[in-house]
Amino acid sequence: MAKTEGVDRLTKRQVINQLNTWIIGALSSYNDGWTQKHYMDILREIQTLLNEKLPMKEVKFEDVPDDEMCF
């Protein structure tokens, strides 16, 4: 773990790994309903926080025929 001003800080990879663990727990049929709900509640809390803090603006793209696209 990286340190920032004396505080432990997770790396991006550690955060992604933890999110994946919660996603697997929420979707795994091996877990009972209560366990799946526990993981889903965590993910929904994170999703709500992200939606509040990082509102997405809708991006509109003009329709351009494929033969006019530049790659």
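Please treat every number below as a calculation from the coordinates, not as lab data. In this text, all values refer to a predicted model and were calculated from it rather than measured experimentally. All Cβ positions, even for glycine, are placed from backbone atoms using ideal geometry, and neighbour counts span all protein chains on display.
Our summary gives the stretch 2-54 a relative contact order of 24 percent, counting only alpha carbon pairs under 8 angstrom and 6 or more residues apart. Note on Phe61 and Ile42: the model spin-label points, each 7 Å out from Cα along the C-beta direction, lie 3.5 nm apart. Stokes-Einstein diffusion for the stretch 2-54 at 4 °C, viscosity 1.567 mPa s, with a Kirkwood radius from C-alpha pairs, works out to 104 µm²/s.
In loop segments of the stretch 13-68 as defined by DSSP, the GluC sites (Glu not before Pro) with at most 11 further C-beta atoms inside 10 Å of their C-beta are Glu58, Glu62. Could you pull out the pairs from Lys37/Lys57; Lys12/Lys53; Lys12/Lys37 whose alpha carbons sit more than 28 Å apart here? Beyond 28 Å: Lys37/Lys57.
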